[in-house]
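To keep things clear, I will list the structure first and then write my remarks on it.
Quick note: the coordinates plus some simple rules give every number you see, no bench work behind them. Note that the coordinates shown come from a computational prediction; the quantities given were computed from them, not determined experimentally. A quick note on method: Cβ atoms are made from the backbone with ideal geometry, for glycine too, and the neighbour counts reach across all protein chains shown.
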Amino acid sequence: MQPDPVYLRQHYASLSDEALLALHRDDLVEIAQSILDNELRTRKLSPRHRTAHDDDGDDPLPSAAIHSTADAEPGWIEDAAEAYSWYARAPTGNGPGNATGAAPDAAPDAAPDAALDSRDALEAAGIPCELEFFEDPPEDTRTPKPTHRWRLMVPAHLNLQATSILDRDIFNSEFEAGWKSHLEVLSDDELREMPPRVAFCGLFDRLARVNRAYDDELARRKLK
């Protein structure tokens with residue numbers, strides 16, 4: 001049985017840095033490995049190399065015995081596709097750096113809740129995914145202006161499925177609430193003129209087209 005990704009994320013987040021670093025990554029299933037890797041990146045920690053002597057528990061792991069989290073990246077990451085992204089602002093402080101007090105290469109302390117919830121939704125659906133952030137200020141006039149972007153990456157061939165799962169499990173409930181609010185202000189006559197197939201004729205047309213294209217490709221390959 002697959003572990004609950006929501007529980008794992010909460011559990012790993014509750015661990016101290018030392019307890020998190022002491023976990024045996026190779027003993028974990030793929031989903032747990034992914035959640036562990038993301039928690040390490042969020043804390044800007046690196047997983048330690050372990051040896052047979054380390055497993056005895058006699059001596060603490062040396063602080064020098066660390067390696068980059070890049071070593072643990074999944075094989076599909078080089079050809080990954082972006083399922084969704086969120087902009088964030090680096091934390092500010094009183095230390096040396098730019099005019100805001102943040103170091104020039106500072107990054108957000110943690111991913112936005114929406115990013116974590118989206119990651120959990122994909123993992124629960126069995127879609128491999130990775131959260132990453134990088135410096136990428138948007139070209140807009142927001143104040144304060146975001147400085148970094150979080151990206152939720154998935155294998156390229158699963159990108160369409162991943163974005164649809166995010167719509168279904170994360171974003172559609174907000175859309176539904178907006179649609180309900182819109183309907184509530186319509187008059188009786190306006191409401192009768194606004195069935196979903198009229199209001200969202202483009203969406204219904206797209207659904208018909210994707211089904212037709214899929215059936216055509218099955219037929220072209222002579223598959224049932």
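Using 10 Å bins from zero, what percent of all Cα-Cα pairs in the stretch 147-224 falls into each bin?
All Cα pairs considered, the percentages come to 14, 29, 30, 19, 8, 0.
Add +1 for every Lys or Arg and -1 for every Asp or Glu among the other residues with Cβ under 14 Å from the Cβ of residue 218, and state the total.
Within the 14 Å Cβ shell, the charges total +2.
Which order do peptides 4-15, 191-202 fall in by mean Cβ count within 10 Å, highest first?
By packing density, highest mean first, the sequence is 4-15, 191-202.
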